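The next block holds one structure in the form of structure tokens; read it before the comments.
The values are calculated or read from the model by the stated rules, or taken from the named source; none is laboratory data. Fair warning: this is a prediction, and the values are worked out from it, not measured in the lab. As a convention, Cβ positions derive from the backbone with ideal geometry for all residues, glycine included, and neighbour counts pool all protein chains shown. The protein model used for the area step is the full one, side chains on, heavy atoms only, and it has no ligands, DNA or RNA in it. Shrake-Rupley method; radii C 1.70, N 1.55, O 1.52, S 1.80 Å.
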Amino acid sequence: MKIAFVGKGGSGKTTLSSLFIRHLAASGTPVMAVDADINQHLGPALGLDEDEAAKLPAMGARLPLIKDYLRGTNPRIASAETMIKTTPPGEGSRLLRIREENPVYAACARQLELEGGTDVRLMATGPFTESDLGVACYHSKVGAVELCLNHLVDGRDEYIVVDMTAGSDSFASGMFTRFDTTFLVAEPTRKGVAVYRQYKEYARDFGVALHVVGNKVQGPDDVGFLREEVGDDLLVTFGHSDWVRAMEKGRPPRFDTLEPANRAALRTLHETADASYDRRDWERYTRQMVHFHLKNAESWGNAKTGADLAAQVDPAFTLDESLATDRRPAPSPAPQPA
């Protein structure tokens, strides 16, 4: 199941995504965590110290390897250089599965042991550095995440949780359509719900399952405000948490000591995400993938690569969970420079 956490900067989306990841891991659910935010705070929220988090391999820096692996033997993709962030898979492409070993995970993911001996895989796009200023766009780094999502076949009892860029930046491509469920974290303020209105408007025509998660809620008045502003899209709220305060100081207590109301809210998120499985539509998912690829190809991709990227679309191919049953090992791509 593909889950996104979005929201205004400072809304607490990274904190809530880390709590959800901990909840899934504690329940025995296989989970992969992806930090796709420019500020790269998910690692520390999951218990890494700042030095450890800084040493996480950057997906953006390994984009050539990712492209070369994913294109596989797809005859419609002439080279890794002609792949862009929206390139869809086709016959011959290599697909990713959450519970497997492959060169992409070997290069980009790190196993992170949480409380109780449970493990999650953690991947990060990498920060926007001084060397990027004036020559690079952060969306090119996040493009590594989008490519992986486009090639991921995942099932009901396994999760990939993505802490997204703040605000409405994910609408720079079709990445906002790549998820089974999107949790939008909103504070009970006018600024807090402004991103919700943007997201709701942009996502209106794409069948995005959007649920608002109220955060930093102090009482019935805050709940009433959010309900008035977002209506039935308000799913659940989180209140003050001494556990979170201790975690932010680098001294998290045992996860099972999280406040009962907040633990119940995490269960609601899990139940909601799990229920979205029954609404999966792989044909629509593939169709939207192709739609945004053609838009990006026409607006900038063809000019950048010097190729007709529309030719990369395999009209007979539909991404589907059944493809995950083909677990034959794929050969590793040729080594790429660091």
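Compute the length gained on full extension between E201 and D256: take 0.36 nm times their separation in residues and subtract their Cα-Cα distance, giving the result in nm to one decimal.
16.0 nm
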Worksheet entry | Rough spin-label spacing in nm, given labels placed 7 Å along Cα→Cβ, for A194 and H240 | 2.7 nm
Item to complete: Over the alpha-carbon set of the chain, work out the extent along each principal axis and list the three values in angstrom, largest first.
Response: 58, 44, 41
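Give me the percent relative contact order of the chain, please, defined on Cα pairs under 8 angstrom at least 6 residues apart.
Working: 574 pairs, mean separation 90.1, N = 338.
Across the chain, relative contact order equals 27 percent.
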Worksheet entry | Accessible surface ranking that places the most exposed of K55, K2 first, with a 1.4 angstrom probe | K55, K2
Worksheet item: Which percent of the accessible heavy-atom area of the chain goes to carbon and sulfur, probe 1.4 angstrom?
Response: 50 percent
Item to complete: Please compute the net charge surrounding A45, taking Lys and Arg as +1 and Asp and Glu as -1 over other residues with Cβ under 14 Å from its Cβ.
Response: -3
Response to the item:
If R0 = 22 Å, then R156 and T268, at their Cβ-Cβ distance, give a FRET efficiency to the nearest 0.05 of 0.80
Fill in: C-alpha long axis of helix 282-296 to longest principal axis of the chain, angle in °
70 degrees
Worksheet item: Is the range 246-312 rounded, prolate or oblate when judged by the Cα gyration tensor, a ≥ b ≥ c being the square roots of its eigenvalues, rounded requiring a/c under 1.5 and prolate requiring a/b larger than b/c?
Response: oblate
Fill in: Spacing of the two label points (7 Å from each Cα toward its C-beta) at D221 and K304, in nm
4.8 nm
Worksheet item: Helix 260-275 versus the longest principal axis of the chain: what is the Cα-based angle in degrees, 0 to 90, to the nearest 10?
Response: 30 degrees
Practice prompt. With only Lys, Arg, Asp and Glu charged, each at its Cβ (+1 for the first two, -1 for the last two), find how big the charge dipole of the chain is about the Cα centre; round to the nearest 20 debye.
Written response: 320 debye
Worksheet entry | Long-range tail of P(r) for the range 203-338 (Cα pairs > 24 Å, %) | 61 percent
Worksheet item: For the range 180-221, what is the convex hull volume of the alpha-carbon atoms per residue, in Å³?
Response: 68 Å³
Worksheet, complete the sentence: For the range 1-77, averaging the sequence separation of alpha carbon pairs under 8 Å that lie six or more residues apart and dividing by its residue count, the contact order in percent is 18 percent
Worksheet item: From the phi of every residue in the range 215-226, what ³J(HN,Hα) in whole Hz does the Karplus formula 6.51 cos²θ - 1.76 cosθ + 1.60 yield, where θ is phi - 60° and glycine or proline is x?
Response: 10, 6, 7, 10, x, x, 5, 5, 5, x, 4, 5
